[in-house]
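Student: This is the structure I want to talk about, given as structure tokens.
The values are calculated or read from the model by the stated rules, or taken from the named source; none is laboratory data. What you see is a predicted model, and the numbers here were worked out from it, not measured in a lab. Quick reminder, even Gly has a Cβ in these numbers, built from the backbone with ideal geometry, and neighbours come from all protein chains shown.
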Amino acid sequence: MRLSGFLIITRPVNACVAGLAAIVAYLIDTGTVIPETLLLFAVVALITAAGNVINDFYDAKIDEVNRPRRPIPSGMISREAARGFAGMLFVAGILASLFTGSLCTALAIGNSLLLIAYAAKLKSTPLVGNVAVAYLSASIFLFGGAFNGWTGLVHMIPIAVITFFAMVSRELLKDAEDTEGDQVGGADTVPLRIGIKKTAEFALIVSIFAVMTSFIPYFWWGMWYLAGIIVVDAVIIFAAFRGLHCETSSCLKASKASTLLKAGMFASLLVFTLSAVFA
């Protein structure tokens, strides 16, 4: 067992990006950033890391096929150690949330429970698991807004909805890429039920909803936001189209559809940030 495995299994880059998204959400809502938003970063990063670890704990058998280099199947960390580490991260994140206000704490606790339920059960439930992950990603913006109370949370709903649809699309594509391992692990996913091609078509439809919703913040930020988000929307639609011709998981992986969609989502975060600061 290697010490580096404890870091790798948290997916530190993803956890830190999630934490930054919470700060961006507060910036979008208030137009400013205060030192206390570092608490938002800590809470979201810790709970996201915990969710990544507990997901790997439950996915160990599937990862032996899909991602054999992940820390558990590669032997860098044991399943038992991963479970204990996840528990520590969840507790640390919830304790940190006590300093952010009751609304944020409620979201932190609820999301922690949902992350555990997703890893243990919901992931193997067709579409429900995809929706759960999409909500968890979108709720980061709700969490950042909630630091400013109910008004801030409500203000962040359009951004959360954009993120939700984009994430549902990406999760569908990721499931389609992982069909071989999911079959071995006994998972029951949308691609295993309707096929990879139809799943890619479904993902495109959901992406279109994300693009349509992305125009709502134009009424806050104006033409500069519109110019930026149109470029991002083009990337998202292009990514979704990339997988339409695929009928196998290997083809979908080669298309880089989910990777491009992820890049589009990161770009949208940049557009939101720049618009909040300069618009």
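Student: If you check every pair at least six apart or on different chains, which have Cβ atoms under 7 Å apart with a residue in the stretch 1-24 that is more than 10 Å from Thr48 (Cβ to Cβ) and in the same structural domain as Ala92 (by TED's automatic domain parsing) first and a residue that is in a loop (DSSP other than H, G, I, E, B) and of a type in the set (Val, Ile, Thr) second?
Tutor: Pairs found: Met1/Ile77; Gly5/Ile77; Phe6/Ile77; Ile9/Ile77; Ile23/Val33.
Student: Separate question: Residues in the stretch 25-46 that are crowded, with 23+ Cβ neighbours inside 10 Å and in contact with a Leu (Cβ under 7 Å, 6 or more places away or on another chain): how many? Let's see the steps before the verdict.
Tutor: Of all residues in the stretch 25-46, those crowded, with 23+ Cβ neighbours inside 10 Å come to 25-26, 28-29, 40, 43-46.
Adding the requirement that they be in contact with a Leu (Cβ under 7 Å, 6 or more places away or on another chain) leaves 26, 46.
Result for the stretch 25-46: 2.
Student: Oh, and also: Restricting to the stretch 214-253, name every residue that is within 23 Å of Asp175 (Cβ to Cβ), among the β-branched types (Val, Ile, Thr) and in a helix (DSSP H, G or I).
Tutor: Val235, Ile236, Ile237
Student: Residues that are more than 23 Å from Phe141 (Cβ to Cβ) and not polar (S, T, N, Q): find the helices (runs of 4 or more DSSP H) completely inside the stretch 1-66 holding 1 or more of those.
Tutor: 3-8, 37-58, 60-66
Student: Quick check: anything in the stretch 49-56 under 23 Å from Val277 (Cβ atoms), of a type outside the set (Val, Ile, Thr), touching a residue at least 60 places away in the same chain (Cβ under 8 Å) and crowded, with 18+ Cβ neighbours inside 10 Å?
Tutor: For the stretch 49-56, residues under 23 Å from Val277 (Cβ atoms), of a type outside the set (Val, Ile, Thr), touching a residue at least 60 places away in the same chain (Cβ under 8 Å) and crowded, with 18+ Cβ neighbours inside 10 Å: absent.
Student: Provide a single number: the residues in the stretch 89-102 that are over 15 Å from Leu38 (Cβ atoms) and under 21 Å from the mean Cα position of the chain (by Cα).
Tutor: Final tally of qualifying residues: 4.
Student: Let me ask something else. With respect to Ser112, determine if the residue is surrounded by fewer than 17 Cβ atoms within 10 Å (Cβ to Cβ), among the hydroxyl-bearing types (Ser, Thr, Tyr) and over 27 Å from Trp220 (Cβ atoms).
Tutor: no
Student: Looking at Thr179, Thr248, which one is β-branched (Val, Ile, Thr), more than 19 Å from the chain's Cα centre (by Cα), within 24 Å of Val128 (Cα to Cα) and surrounded by 18 or more Cβ atoms within 10 Å (Cβ to Cβ)?
Tutor: Thr179
Student: So, in the stretch 254-271, exactly how many residues are buried (at least 17 other Cβ atoms within 10 Å of the Cβ) and either among the small types (Gly, Ala, Ser) or not in a helix (DSSP H, G or I) (or both)?
Tutor: Selection size over the stretch 254-271: 6.
Student: Let me ask something else. Scan the stretch 74-100 for residues that are surrounded by 13 or more Cβ atoms within 10 Å (Cβ to Cβ) and outside any helix (DSSP H, G or I) and jot them down.
Tutor: Selection gives Ser74, Met76, Ile77, Ser78, Leu98, Thr100.
Student: Right, next: Identify, please: which residue in the stretch 101-139 is in contact (Cβ under 8 Å) with a residue 40 or more places away in the chain, out of contact with any Asp or Glu (no Cβ under 6 Å at 6 or more places or on another chain) and outside any helix (DSSP H, G or I) and is, among those, nearest to Ser169 (Cα to Cα)?
Tutor: This residue is Leu127.
Student: What is the number of the single condition among (1) surrounded by fewer than 20 Cβ atoms within 10 Å (Cβ to Cβ); (2) not assigned by TED's automatic domain parsing to the domain that holds Ala119 that Tyr135 does not meet?
Tutor: Just one mismatch for Tyr135, condition (2).
Student: In addition: Is at least one residue of the stretch 190-207 surrounded by 19 or more Cβ atoms within 10 Å (Cβ to Cβ), farther than 30 Å from Lys61 by Cβ and either in the same structural domain as Ser275 (by TED's automatic domain parsing) or touching a residue at least 40 places away in the same chain (Cβ under 8 Å) (or both)?
Tutor: yes
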